[in-house]
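J.: Have a look at this one.
Just so you know, all these numbers are worked out from the coordinates, no wet-lab data involved. What you see is a predicted model; the values in this text were computed from it and never measured. Quick reminder, even Gly has a Cβ in these numbers, built from the backbone with ideal geometry, and neighbours come from all protein chains shown.
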Amino acid sequence: MPKISLIVPCYNEELTIDIFYQAVEKVFRDHADVFQDVTHEYRFIDDGSTDQTLTKLQQLQATDPETVHYLSFSRNFGKEAGLAAGLQVADGDYVAVMDVDLQDPPALLPEMFQILSDSQYDCVGTLRASRHGEPAIRSFFSRAFYSVINKISKIQIVPNARDYRLMTRQMVDAILELPEYNRFSKGIFSWVGFNTKYITFENTPRSAGKSHWSFWQLLNYSVEAIVDFSEVPLKVATFIGSFFAFMSVIGIIFIIIRKLIWGNSVGGWASLVCIILLVGGIQLFCLGIIGNYIGKIYLESKHRPQYIVKKQK
Ligand code: UDP
Ligand code: MG
């Protein structure tokens, strides 16, 4: 009997867990024809919640011990660590990754499962049809992020794709081969290859509770993604440096000729200060980029675990 594992990261989600469980169970019940001879299991990851999330998960586990499993972290390690932990413990033949707030509609599961079982696809991903209900500035930055990362890295990330996806065992095993500490899942899903089909759905608001991502966290996450999947920023220093070296040669020639024709001329200190500030600024900018990469190397080289488990069932 094939099994579907549902990986569900939860951080302070005491309000949404029960709603989520009911909604998913209903989908499996209502589509018994599609899920004939298919079992499913939940792999909830409590990402160090400070509310009653773990208690809720324990209660749910007690009511349905065969299908509900949870893993609780010793502190908040971030959604990426939660996904990594889920992929490591899930042993289904198909593995889905979904948010607990119902922004990843469980109603799509039958269609996703059918695509995987009837065709050659290894993964079914999901796209939001629109970004309605999101602040304009957030949409703007997200568009900018996708266009930058797709230009400067070898992997391609489909704009507006969510993490919500159903994958075959083979693809999950491939993902587990990547031991990196700094994880950007959308990039990893794309990096491992395989055939992914995308289906589109309308953006749905959260079932309850509130989003955990602030604008700055998202901005930080984007920088992380770029550093993880592109070396192009490292080359920026070389390009800018070459350009300025070339400009300075022209400047030197100009100054020598001016000196020969008009003799010594004092003045121009204002332009000099501007140039020094500009070049100094660019140097610091480039140093910052290099620093970002060195920071990542430092973190990777410490070989710390991605998460620490406190309770598990
Ligand atoms: N999440 C998590 N750890 C965190 C932040 C979020 O496991 O540090 C989970 C959260 O419980 C939810 C999913 O990641 O299931 C998406 O989070 P959220 O809905 O807050 O993000 P948004 O949908 O606003 O992007
Ligand atoms: Mg959400």
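J.: All other residues with a Cβ under 11 Å from the Cβ of Gln217 taken together, and with Lys, Arg as +1 and Asp, Glu as -1, what is their net charge? Provide the component values of the computation, followed by the final result.
T.: Working: positive: Lys79; negative: Glu224.
Once positives and negatives cancel, what remains is 0.
J.: For the range 277-313 and the range 147-190, what is the separation of their C-alpha centers, rounded to whole Å?
T.: After rounding, the separation between the Cα centres reads 20 Å.
J.: Can you compute the helix-only [θ] at 222 nm over the chain? Use -39500 (n - 2.57) per DSSP H run of at least 4 residues, normalise by all residues, nearest 500 deg cm²/dmol. Can you show the working numbers first?
T.: Values: 10 runs with 157 residues, N = 313.
For the chain, the value works out to -16500 deg cm²/dmol.
J.: Follow-up. If the cut-off is 14 Å between C-alpha atoms, which aspartates and glutamates fall inside it for Lys296, apart from same-chain ones fewer than 8 positions away?
T.: Cα-Cα hits under 14 Å: Glu180, Glu224, Asp228, Glu231.
J.: Name the residue from Phe35, Ser248, Leu71 whose Cα lies farthest towards the positive end of the charge dipole of the chain, charges +1 on Cβ of Lys and Arg and -1 on Cβ of Asp and Glu.
T.: Going by the Cα projections, it comes out as Ser248.
J.: Around Thr39, with a cut-off of 12 angstrom between Cβ atoms, what is the net charge of the other residues, counting Lys and Arg +1 and Asp and Glu -1? If you can, show how the numbers build up before the last one.
T.: Numbers: positive: Lys3; negative: Asp37, Glu41, Glu66, Asp91, Asp93.
Here the charged neighbours net out to -4.
J.: Give the residue from Ile149, Ala136, Pro110 lying farthest towards the positive end of the charge dipole for the range 105-151; charges sit on Cβ (+1 for Lys and Arg, -1 for Asp and Glu) and the dipole is referred to the Cα centre.
T.: Positive-end residue among those listed: Ala136.
J.: What is the order of Ser211, Ser248, Ser5, fewest Cβ neighbours within 10 Å to most? Numbers along the way, then the final one.
T.: Working: Ser211 8, Ser248 12, Ser5 26.
Fewest to most other Cβ atoms nearby, the residues stand as Ser211, Ser248, Ser5.
J.: Using the Karplus curve 6.51 cos²θ - 1.76 cosθ + 1.60 with θ = phi - 60°, what ³J(HN,Hα) values do you get for each residue of the range 64-80, in whole Hz, with x for Gly and Pro?
T.: Once θ is set to phi - 60°, the couplings for the range 64-80 become 9, x, 6, 9, 9, 10, 9, 9, 10, 7, 6, 7, 6, 9, x, 4, 4 Hz.
J.: List the residues whose amide H sits under 5 Å from the amide H of Arg165, counting only those 5 or more places along or on another chain, with H placed 1.01 Å from N in the peptide plane.
T.: Val97
J.: With just the Cα atoms of the range 18-127, tell me how far they stretch along each of the three principal axes, in Å, largest first.
T.: Computed over the range 18-127, the largest-to-smallest principal extents equal 41, 28, 24 Å.
J.: Would you please put 297-310, 151-164 in order of how densely packed they are, using the mean number of other Cβ atoms within 10 angstrom per residue and starting with the highest? Each step should come with its number before you reach the end.
T.: Working: 297-310: 12.2, 151-164: 16.3.
Peptide ranking by packing, descending: 151-164, 297-310.
J.: Something else about it: Report Rg/Rh for the range 186-281, rounded to two decimals, where Rg is the Cα radius of gyration and Rh the Kirkwood radius.
T.: On the way: Rg = 25.4 Å, Rh = 19.7 Å.
Ratio of gyration radius to Kirkwood radius: 1.29.
J.: Further question: Restricting to bridges with both residues inside the range 71-218, how much of the DSSP beta-bridge set is antiparallel, in percent to the nearest 5? Don't skip to the answer; put the middle values down first.
T.: Values: 8 of 14 bridges.
Here the antiparallel bridges make up roughly 55 percent for the range 71-218.
J.: Over the Cα atoms of the range 1-61, what radius of gyration and what Dmax do you get, in Å?
T.: Values for the range 1-61 (Cα only, Rg and Dmax): 12.9, 40 Å.
J.: Further, regarding this structure: Based solely on C-alpha atoms, express the radius of gyration and the Dmax of the chain in angstrom.
T.: 25.3, 93
J.: Quick check on the range 159-225: take the gyration tensor over C-alpha atoms, sort the square-rooted eigenvalues as a ≥ b ≥ c, and tell me if it's rounded (a/c under 1.5), prolate or oblate.
T.: Details: a/c = 2.12, a/b = 1.29, b/c = 1.65.
The shape class here is oblate.
J.: Compute the label zone of Leu234 within the range 289-306: residues whose backbone N is under 19 Å from the point 7 Å along Cα-to-Cβ.
T.: 289-303
J.: Return one quarter of the surface area of the convex hull spanned by the alpha-carbon atoms of the range 126-184, equal to its mean projected area, in nm².
T.: Approximately 5.4 nm², given one-decimal rounding.
J.: Counting Lys and Arg as +1 and Asp and Glu as -1, each charge on the Cβ, what is the dipole of the chain about the Cα centre in debye, to the nearest 20?
T.: Using only the charged Cβ atoms, the result is roughly 1680 debye.
J.: Go ahead and run the numbers for FRET between Leu218 and Lys259, Cβ-Cβ distance against an R0 of 51 Å, rounding to 0.05.
T.: On the way: r = 53 Å, r/R0 = 1.05.
FRET efficiency, Leu218 to Lys259: 0.45.
J.: Now for a different question. Given the peptides 72-81, 280-289, 90-99, 129-138, arrange them by the average over their residues of other C-beta atoms within 10 Å, most packed first. Can you show the working numbers first?
T.: Values: 72-81: 18.4, 280-289: 13.0, 90-99: 21.8, 129-138: 10.7.
Top to bottom by mean Cβ count within 10 Å: 90-99, 72-81, 280-289, 129-138.
J.: What list of whole percents do you get for P(r) of the range 101-226, with Cα-Cα distances grouped in 5 Å bins up to the one holding the largest distance?
T.: For the range 101-226, the pair-distance distribution reads 2, 9, 18, 21, 22, 16, 10, 2, 0.
J.: Defining a contact as two alpha carbons under 8 Å apart and six or more residues distant in sequence, what relative contact order in percent does the chain show? Walk me through the intermediate numbers first.
T.: On the way: 432 pairs, mean separation 70.0, N = 313.
Relative contact order for the chain comes out at 22 percent.
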